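I have placed the structure first, in the form of structure tokens, so that the comments after it can refer back to it.
The values are calculated or read from the model by the stated rules, or taken from the named source; none is laboratory data. Predicted model, so just to flag it, every value in this text is computed and none were measured. Glycine also receives a Cβ, built like all others from the backbone with ideal geometry; neighbour counts cover every protein chain displayed.
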Amino acid sequence: MERVHNFCAGPCTLPMSVVQELADELPEFGGSGMSLIEMSHRDPIYDEVHHRTMDLLRELYLVPDDMSVLLLQGGATLQFAMVPLNLLGPGYDPDRPSAGYDPDRPSAGYDPDRPSAGYDPDRPSAGYVVSGSWGEKALEDAELVGRAYAAWSGADGGFTAMPTVDQLSIRDDSRYLHVTSNETIGGIRLPEFFDLGIRQVADMSSDYLTRVIPWDRFDVVYGGAQKNIGPAGLTVVFVRNAILDDLPSTIPAYLRYTTHTETDSLANTPPVFAIWATGKVLQWMKDQGGLPAMEKRAAERSSILYDAIDGSDGFYISPVERTYRSHTNVVFRLGDEQLEQRFLTEAEEHRLVNLKGHRSVGGMRASIYNALPTSSVEILSEFMADFAAANG
Ligand SMILES: Cc1ncc(COP(=O)(O)O)c(C=O)c1O
């Protein structure tokens, strides 16, 4: 089989050696007479796989001892709700239902326009950096749960930059500031993490394990595995243990972080295949030189593509302000949409696939996550030069 050069924004390319190992080990695992994906998640054989993935995450990402590693489901999308549920206090108090709460209604316990009797408007709030669609979605969910506000929005600028620290408007009563370290659709990245008086929460879905994190600035860091570290189905969440002491009692079990910290993420059936495969990708990353190697590689590979854009005499256009260019999602445009379509068609003929930009913005996007071979990026850059020469 000849592999394509897959620039998909997620799920994404995995190391071929890992895909092959999974195929080889799929029919029978550890002499058990069955596949790992047929086994009880309480089996000691699975337990070892589960904890190896957790340990590798801790080791590779340099996670401090006072943070827990959670292996969850529901994607980063579920964290949009879990973060405010856990950190912003109860929106709905069953002992003090919303004013106007109707006990005969089938659902909807809490109505933001008619907050719980006893609802305290002085409860802390949370600031959200709206740097693109993902930050926007995170804020929308937080607003349903508690008092959340935009501490900055890049909507007017078309989401082509991140804010500087002095552009943030953080209210005094803020419990946390939420950031999206890399906006996958706009292709923009926080070049430096903010150093603030309050702790932050970060959606790192599209630059997970591509850079060193100043952990002491974060209470929660989350992201789906399906971009940089594994297949879809697993969401990795890092939570500061100190925040777990006084979580609201009204959070349903799965949504409460302590349900998972107290059970090593085995409270319910975990996504065993994704955890197994992610463990293999993490081991591959370790063998490649770990986080420093991934960080260096991401910077080098994105430079190859930005050089191709900048050296094209305006044939390719990067909409992103230079300082904020993503190292994992390189977004670019051509002058007209017909030409862009031709680019995509011819790219596919060269086995360069999934280069179409997100449906909300159009254009092109090359997602170059950890496991994509550098040779794929070089081949794309050569193709870009040839296409520009033929069509410029
Ligand atoms: C930055 C970011 N946040 C959140 C999401 C949603 O993630 P999931 O599909 O894991 O829910 C994505 C998906 O692409 C993303 O790129």
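Tell me yes or no: at least one residue of segment 216-230 is closer than 24 Å to Ser302 by Cα, more than 10 Å from the chain's Cα centre (by Cα) and surrounded by fewer than 21 Cβ atoms within 10 Å (Cβ to Cβ). No - not one qualifying residue is present in segment 216-230.
Condition check ((1) more than 9 Å from the ligand (Cβ to nearest atom); (2) in contact (Cβ under 8 Å) with a residue 40 or more places away in the chain; (3) small (Gly, Ala, Ser); (4) assigned to a loop (DSSP other than H, G, I, E, B)) across all residues:
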| residue | (1), (2), (3), (4) |
| --- | --- |
| Phe193 | yes, no, no, yes |
| Leu196 | yes, no, no, yes |
| Thr210 | yes, yes, no, yes |
| Val220 | yes, yes, no, no |
| Gly223 | no, yes, yes, no |
| Gln226 | no, yes, no, yes |
| Ile229 | yes, yes, no, yes |
| Val237 | yes, yes, no, no |
| Ala242 | yes, yes, yes, no |
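Residues of segment 355-392 that are at pLDDT below 95 and β-branched (Val, Ile, Thr): Val361 alone.
Scanning segment 242-283 for residues that are at pLDDT below 95 and polar (S, T, N, Q) turns up Ser249, Thr250. Could you look through segment 3-18, keep only residues that are surrounded by fewer than 16 Cβ atoms within 10 Å (Cβ to Cβ) and not in a loop (DSSP other than H, G, I, E, B), and pick out the one that is nearest to the ligand (Cβ to nearest atom)? Step by step, filter segment 3-18, then rank; the result is Met16.
Condition check: under 16 Å from Val320 (Cβ atoms) and either at pLDDT below 95 or over 12 Å from the mean Cα position of the chain (by Cα) (or both). Does Gly158 satisfy that? Yes, satisfied. Only a single item in (1) crowded, with 17+ Cβ neighbours inside 10 Å; (2) at pLDDT below 95 is not met by Gly30, and it is number (1).
Of the residues making up segment 303-321, those that are touching a residue at least 12 places away in the same chain (Cβ under 8 Å) and either touching a strand residue (DSSP E or B) at 6+ places or on another chain (Cβ under 8 Å) or among the charged types (D, E, K, R) (or both) are Leu305, Tyr306, Asp307, Ile309, Asp313, Tyr316, Ile317, Ser318, Pro319, Val320, Glu321.
Close contacts from segment 322-333, counting a first residue that is modelled with pLDDT under 95 and a second that is assigned to a helix (DSSP H, G or I) and crowded, with 21+ Cβ neighbours inside 10 Å, with Cβ to Cβ under 9 Å and a gap of 6+ residues or different chains, come to none at all. In the set (1) exposed (fewer than 15 other Cβ atoms within 10 Å of the Cβ); (2) over 26 Å from His260 (Cβ atoms), the condition left unmet by Glu21 is number (1). Among the residues of segment 352-376, those identified as over 20 Å from Ser318 (Cα atoms) and loosely packed, with under 14 Cβ neighbours inside 10 Å are Thr374, Ser375.
Of all residues in segment 129-137, none satisfies being acidic (Asp, Glu), within 12 Å of the ligand (Cβ to nearest atom) and part of a strand (DSSP E or B).
In segment 318-350, the residue that is farthest from Ala293 (Cα to Cα) out of those that are under 28 Å from the mean Cα position of the chain (by Cα) and loosely packed, with under 14 Cβ neighbours inside 10 Å is Glu321.
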